[in-house]
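Student: Mind looking over this structure? Questions follow.
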Amino acid sequence: MGTEESNYSQINPKRCKGCAACVVACPHGCIEIGSEINQMGYQFARFAVRKCIACGMCFYSCPEFGAITVFKKPRKGA
Amino acid sequence: MKLVYKEVPVEFLAALPEGIKYVQKQGKDFLVIEQLYCKDGHSLMADHVRMHGEPSIFLDAKIGSLRGRIFLDAFWGGHDKLYSFIPREADMHSITEAYCPHCGISLMTERLCTYEGCGCALAILLNLPGGVNRILVCAKHGCPDHDLVVQRIPEEISRRVKKINYFGEFHDDMFKGI
């Protein structure tokens with residue numbers, strides 16, 4: 001899971017349908033399909049690795065409205 | 001692409017093309033597509049599916065062997081979308097073939113995507129009113145590249161409009177309460 005000090009993608013488990021578009025799109029392998037099942041019966045994606053560069057590819061590839069939000073670490077001094 | 005808010009160029013607002021409206025949300029400027037057509041003149045706006053309070057853009061789409069309907073955020077650079085089907089993992093690097101949901105005509109056109117690492121040779125062509133001004137969206141699934149081709153607007157201004165993209169933390173803040 002990401003922290004406020006690092007870039008991360010926040011995946012809304014209630015909206016994710018587990019299509020893995022974000023898993024395929026992420027150039028750094030930060031996202032995986034978890035073992036938990038959401039209320040719709042899908043195994044939803046989860047942010048797993050702290051190598052996120054906040055490129056947004058997971059967001060751009062996601063077919064579900066509001067399922068992914070990308071958080072970028074603020075620049076120092078910003 | 002930087003995760004920073006991109007101001008809408010004043011020069012563009014002064015010559016705002018028909019079919020695009022300017023709105024202010026929480027003190028920030030946004031461009032919102034409000035009229036869009038296929039090449040046969042059918043409207044591609046879906047009043048019944050709204051994103052951030054505005055009608056979305058709807059298309060029929062084929063990704064790999066799957067077909068369905070997709071709804072796109074009408075906020076320029078918003079990139080939110082909703083699919084009526086779940087793309088398969090095997091098709092993630094496929095081209096999205098788009099069709100008019102009314103007449104079924106193909107919306108595809110040739111255009112080389114210059115977005116880093118993409119290089120897709122096809123785009124989805126959407127017409128603004130009059131059929132002269134156009135929006136081109138890269139057909140590669142997951143590529144954020146898009147172009148607004150507007151007559152009478154200098155290329156430098158078009159380039160700045162093209163760079164307007166929102167997502168991430170700021171995206172969330174930007175649309176909060178909309």
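Student: Within the stretch B:72-87, identify whether any single residue is part of a strand (DSSP E or B), within 25 Å of B:His141 (Cβ to Cβ) and of a type in the set (D, E, K, R), and answer yes or no.
Tutor: Yes: the stretch B:72-87 contains one or more residues that are part of a strand (DSSP E or B), within 25 Å of B:His141 (Cβ to Cβ) and of a type in the set (D, E, K, R).
Student: In addition: Just to check your reading of the model, which residue among A:Ala45, A:Ala25 is of a type in the set (Gly, Ala, Ser), modelled with pLDDT of 95 or more and closer than 20 Å to B:Ile63 by Cβ?
Tutor: So the residue among A:Ala45, A:Ala25 that is of a type in the set (Gly, Ala, Ser), modelled with pLDDT of 95 or more and closer than 20 Å to B:Ile63 by Cβ is A:Ala45.
Student: Could you list, in sequence order, all residues of the stretch B:33-48 that are crowded, with 18+ Cβ neighbours inside 10 Å, over 13 Å from the mean Cα position of the chain (by Cα) and either more than 27 Å from B:Asp91 (Cβ to Cβ) or touching a residue at least 60 places away in the same chain (Cβ under 8 Å) (or both)?
Tutor: B:Cys38
Student: Could you list, in sequence order, the residues of the stretch A:9-25 that are at negative phi, buried (at least 18 other Cβ atoms within 10 Å of the Cβ) and within 11 Å of chain B (Cβ to nearest Cβ)?
Tutor: Scanning the stretch A:9-25 gives A:Ser9, A:Cys16, A:Lys17, A:Cys19, A:Ala21, A:Cys22, A:Val23, A:Val24, A:Ala25.
Student: Farther than 27 Å from B:Val49 by Cβ, part of a loop (DSSP other than H, G, I, E, B) and away from every other protein chain (no Cβ under 11 Å): is that true of A:Lys73 in this structure?
Tutor: No, not satisfied.
Student: Looking at the stretch B:49-70 only, could you name the residues that are out of contact with any Ser or Thr (no Cβ under 9 Å at 6 or more places or on another chain) and either surrounded by fewer than 16 Cβ atoms within 10 Å (Cβ to Cβ) or in a strand (DSSP E or B) (or both)?
Tutor: Passing the criteria: B:Met51, B:Gly53, B:Glu54, B:Pro55, B:Ser56, B:Ile57, B:Phe58, B:Asp60, B:Ser65, B:Leu66, B:Arg67.
Student: Further question: Can you name the condition, by its number, that B:Cys143 falls short on among (1) out of contact with any Gly (no Cβ under 7 Å at 6 or more places or on another chain); (2) of a type in the set (A, V, I, L, M, F, W, C); (3) modelled with pLDDT under 90; (4) surrounded by fewer than 18 Cβ atoms within 10 Å (Cβ to Cβ)?
Tutor: (4)
Student: Using the structure shown, decide if B:Ile86 is among the β-branched types (Val, Ile, Thr) and away from chain A (no Cβ under 12 Å).
Tutor: Considered against the rule, which asks whether it is among the β-branched types (Val, Ile, Thr) and away from chain A (no Cβ under 12 Å), B:Ile86 comes out as no.
Student: Quick check on my filter: what residues within the stretch B:95-119 are closer than 16 Å to B:Lys62 by Cα and in a loop (DSSP other than H, G, I, E, B)?
Tutor: B:Cys100, B:Pro101, B:His102, B:Cys103, B:Gly104, B:Ile105, B:Leu107
The values are calculated or read from the model by the stated rules, or taken from the named source; none is laboratory data. From a predicted model like this one, the values you see are computed outputs, not experimental measurements. For neighbour counting, all protein chains shown are included, and Cβ atoms are generated from backbone atoms with ideal geometry for every residue, glycine included.
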